[in-house]
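The block underneath contains the structure these notes are about, expressed in structure tokens.
Here, each number is a calculation from the coordinates, and none is a lab measurement. Note that the coordinates shown come from a computational prediction; the quantities given were computed from them, not determined experimentally. Glycine also receives a Cβ, built like all others from the backbone with ideal geometry; neighbour counts cover every protein chain displayed.
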Amino acid sequence: MIVAGVFTFLIAPIFIKLLRFFPPVVTGSLITIIGLCLVPVGALDAVADPFTHETDPTNIRWFLYALGTIAIIGAIQRLFSGFWPRSRCCSPGHRLCGRLRVG
């Protein structure tokens, strides 16, 4: 896992340069397809015990845990969507994050 993280970190500059060739409709479609492919995994996790990986659709505990996770992520997206773009770190002139902006 650490090797994959280091590899991703090393090839990121190459992919940042390639991003200009992909319009938002392409990147959005790819993210949507990846998300749709992961739906069965999430659905299985919502009805399976995380320790034994045995499915038990009658156990409401794991389903509520998954539903709570979705609710928390939705609330964070709704309440804090404008914070990060307006923060000082992501301003174009900032020495660290300002260089990471694409566009």
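From the backbone phi of segment 65-70, what are the Karplus-calculated ³J(HN,Hα) couplings (6.51 cos²θ - 1.76 cosθ + 1.60, θ = phi - 60°) in whole Hz, Gly and Pro given as x?
Once rounded to whole Hz, the list reads 4, 5, 5, x, 5, 5.
Mind checking segment 1-80 for chymotrypsin sites (Phe, Trp or Tyr not before Pro) that DSSP puts in a loop (not H, G, I, E or B) and that have at most 11 other Cβ atoms within 10 Å?
In loop regions of segment 1-80 (DSSP not H, G, I, E or B), the sparsely surrounded chymotrypsin sites (Phe, Trp or Tyr not before Pro) are 51, 80.
Restricted to Cα positions, what overall size does segment 1-83 have along the principal axes? Three whole-Å values, descending.
In descending order, the Cα extents are 49, 34, 23 Å.
Under a Cβ-Cβ cut-off of 13 Å, what is the net charge of the residues other than residue 67 that fall near it, where Lys and Arg count +1 and Asp and Glu count -1?
Values: positive: 61; negative: 45.
Its environment carries a net charge of 0.
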